[in-house]
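Peer 1: Once you've had a glance at the structure underneath, I'll fire off some questions.
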Amino acid sequence: MCLAIAPDKKSNSGTINRLWRTISSTPMRLLSFCALIHALILGALFVNDMAAGRVPDLPAYLSGLSYGILALLVFGHQLTWLPKKYSQSPTHYGRYNSIYLLMMTGLGILEAGIFLGNSWPLIGMFLLVPAWLVALQGLRNVHIWINSGSQSWSRQLLWLLSVNFFLLILSIAGQHYQADLLTLLVISSSVLLLWPLILVTACVLFLSAPAKSRVIII
């Protein structure tokens, strides 16, 4: 009796499936895709507020920019290129897909709150917290195996990102207690002061990677 069964070539051969596999193949592609979507949505909401003569909810917009869009771009780049440059195994799909899903949900709720003018942005920011925790743990796993010559920069990057995570918590507390001035000051500090330092440190860490090194499986 012949048990040969032809493979199902149609199940994963659709255009959408192929496109999604391409987008989700690395953390940088998937998280940058998420950042692009929400940058467009936040931009459209801001233009709509200005056109309607409404005062924009600056804490919500700046939170989406700092703790969402910029974070997605940095996490995507670091989780993709650091393992590659330092010859480690790639970031597991489950990790960066979890970051993507949490960020998509959190930013989506934040944007819905901006559009509806209610307290949903605070709920959205709460959902960004676990996304940050998953991403920071992934970067710590990479840091353990980075060579000693670059670990000082890796440690500095982790410290700066941890400070920014603390600012996220402060921003949530400030919005919860309606301390608008404190919240705006905290988020502005994140955008204008902390993120430039993070970006410079990430670039130095990337450029300081050795030309060749032994592959490490983590």
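Quick note: the coordinates plus some simple rules give every number you see, no bench work behind them. The model shown is predicted, which means the values in this text are computed figures rather than measured ones. Positions of Cβ are generated from backbone atoms using ideal geometry, with glycine treated the same way; all protein chains shown enter the neighbour counts.
Peer 1: Per residue of the stretch 124-141, what does 6.51 cos²θ - 1.76 cosθ + 1.60 with θ = phi - 60° give for ³J(HN,Hα)? Whole Hz please, x for Gly and Pro, Karplus curve as stated.
Peer 2: Along the stretch 124-141, the couplings run x, 5, 4, 6, 6, 4, x, 4, 5, 4, 5, 5, 5, 5, x, 5, 5, 4 Hz.
Peer 1: If each residue of separation counts as 0.36 nm, what is the full-extension length gain between Arg140 and Trp159 once their alpha-carbon separation is subtracted?
Peer 2: Full extension of this stretch gives 5.8 nm more.
Peer 1: Separation between the His92 and Asn48 pseudo-spin-labels, each 7 Å from Cα along Cα→Cβ, expressed in nm?
Peer 2: 3.8
Peer 1: Taking amide H atoms as placed 1.01 Å from N in the peptide plane, list the residues 5 or more away in sequence, or in a different chain, whose amide H sits under 5 Å from that of Gln88.
Peer 2: The list, which skips near neighbours in sequence, is Ile216.
Peer 1: I've got another one for you. Where does each of 71-78, 35-42, 176-183, 102-109 land if you order them by average Cβ count within 10 Å, highest first?
Peer 2: The packing order, highest mean first, is 71-78, 102-109, 35-42, 176-183.
Peer 1: Here is a further query. With percent of Cα pairs over 27 Å apart in mind, check (1) 59; (2) 50; (3) 39 and report the label derived from this structure.
Peer 2: Calculated percent of Cα pairs over 27 Å apart: the matching label is (3).
Peer 1: Please work out how much length the chain gains when fully extended from Ser119 to Ser152, using 0.36 nm per residue of separation minus the C-alpha to C-alpha distance, in nm with one decimal.
Peer 2: Separation in residues times 0.36 nm, less the Cα-Cα distance, equals 7.8 nm.
Peer 1: Another question, if that's okay. With a 10 Å cut-off between alpha carbons and a GNM built on the chain, which of Arg155, Arg18, Arg95 moves the most?
Peer 2: Result for the chain, Cα springs under 10 Å: Arg18 fluctuates most.
Peer 1: Net charge near Val134: determine it from the other residues with C-beta under 13 Å of the C-beta of Val134, scoring Lys and Arg +1 and Asp and Glu -1.
Peer 2: +2
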